[in-house]
Amino acid sequence: MIRGSVSIVGAGPGDPELLTVKAVRRIQTADVILYDRLVNEEILGCGKPEALRIYCGKAPGRHSMPQEAIEKLMIKYAAAGNQVVRLKGGDPYVFGRGGEEALAVAAAGIAYEVIPGITSAIGAAASAGIPLTHRGLAASFAIVTGSRCHDHASSVHWEGLVHSVDTLIIYMGVSTLAEIREQLLKYGKNPATPAALIENGTTVRERTVTGTLGNIDKLAAAMKISNPAIIIIGESVTVRDQLLSMEKAARSQIG
C-alpha cells in the first residue's frame, strides 16, 4: 500500500495573511484537509477545489468529533496515499492537541511534519497593541488555559504564576473569568493590575476591552465578550492606552 503523509499545520490567530509560506504550500497541495472551528474560511479557499474538506470543530463544551475519531481519519486517509493537512487554529502545539495527533500518526508509521502557526496570545496581543514583554514593565509571560478551572486533577497552579510571572495570558477563560479572578486575588495578585480581553483577535471582528483584574469579569459580562477570546493580565496592558493616546494626538494634529 502506498502511504501518504500528514502535515499538522498551524493556521494562526485568524487573519489569513498571518499564515506562513510553508503552511500555504501544504494547504495548496493537500488531498484532504481536516480543519477546526477557528480556521478562517478564506484559508480553506487556498486548497485545491477537489480536495476533501472535513470539519472537526470543537467549541467549549461541544465537540463535533471526538479526538480519537480525528486521529483515525488522519491515519486512514494518509494510509490510502493522500497528502493530509490537519489544519488547526493558532499553533498546533499550544493547546491544540497537536502533540497527541503527532504521536498517533507516528505510532501508525505515517510520515508527518508539524508546521508552526502564530499562536493567539502573540497574534491577538500584537494586533491589540499589547506587548507581552516590555522594558520596565514585564520581562516574562506565561500562557495557561482557563478551561481547567473545574478540573482539580490538572488545575492551573495560580499561586506560582502570581509570584513568578509578569504577564499572564489565559486561553478559553471567558466562561470561568470570575473564578480565575478569585484565584489570582486569593494568592495575592493586586486587584488594580491592568487586564484586557481580546475577542476575535486579528480579524475584522476584533474587540478589545481593558480594565483591571478587579473588574474585568464585570466588563466582560457588560460587553458580552464571547469565545474566541483571550485574557491578558499584567502591567504591559497599559502600553495599549499609551499607543491609543499617541495615535489620537497625531490625528488631531493632522486634522
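Derivation of every value follows stated rules applied to the coordinates shown; laboratory data play no part. This one's a predicted model, so the numbers in the text were calculated from it and none came from an experiment. Glycine gets a Cβ as well: all are built from the backbone with ideal geometry, and neighbour counts include every protein chain shown.
Numerical summary
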item: Å³ per residue enclosed by the Cα convex hull of the chain; result: 149 Å³
item: Antiparallel %, DSSP beta bridges [both residues in the chain], to 5; result: 45 percent
item: Sequence-separation-based contact order of the stretch 135-255, relative, with Cα cut under 8 Å and 6+ spacing, percent; result: 27 percent
item: Estimated distance in nm for a label pair at residue 227 and residue 55, the labels positioned 7 Å out from Cα along Cα-to-Cβ; result: 1.6 nm
item: Nearest-0.05 FRET efficiency for residue 145 and residue 48, computed from C-beta distance (R0 41 Å); result: 0.75
item: Of all DSSP beta bridges in the stretch 107-253, antiparallel share, percent nearest 5; result: 75 percent
item: Backbone N under 18 Å from the residue 133 label point (7 Å along Cα→Cβ), restricted to the stretch 217-249; result: 233-239
item: For the chain: relative contact order, % (alpha-carbon pairs under 8 angstrom, 6 or more apart); result: 19 percent
item: Isotropically averaged projected area of the stretch 47-133, using the convex hull of Cα atoms (one quarter of hull area), nm²; result: 7.4 nm²
item: Full-stretch length increase - residue 28, residue 111 - with 0.36 nm per residue and alpha-carbon distance subtracted; result: 28.0 nm
item: Rounded to 5, the percent of DSSP beta bridges in the stretch 1-148 classed as antiparallel; result: 15 percent
item: Residue (of 137, 220, 195) at the positive-pole extreme of the chain, dipole from beta-carbon charges; result: 220
item: Extension gain from residue 248 to residue 103, taking 0.36 nm per residue of separation minus the Cα-Cα distance; result: 47.2 nm
item: Length released on extending from residue 37 to residue 205, taking residue separation times 0.36 nm less the Cα-Cα span; result: 58.9 nm
item: Three semi-axes of the equivalent ellipsoid, the stretch 187-244, Cα gyration tensor, whole Å, largest first; result: 19, 14, 9
item: Coordinate range along principal axes, alpha carbons of the stretch 131-255, Å, largest first; result: 57, 32, 22
item: Value of relative contact order over the stretch 84-127, rounded to a whole percent, pairs C-alpha under 8 Å and six or more apart; result: 43 percent
item: Debye, to nearest 20: dipole size of the chain, +1 on Lys, Arg Cβ, -1 on Asp, Glu Cβ; result: 260 debye
item: Surface/4 of the Cα convex hull for the stretch 1-56, nm²; result: 4.1 nm²
item: Cross-link pairs 218/248; 58/224; 48/88; 22/88 - those with Cα-Cα distance over 23 Å; result: 218/248
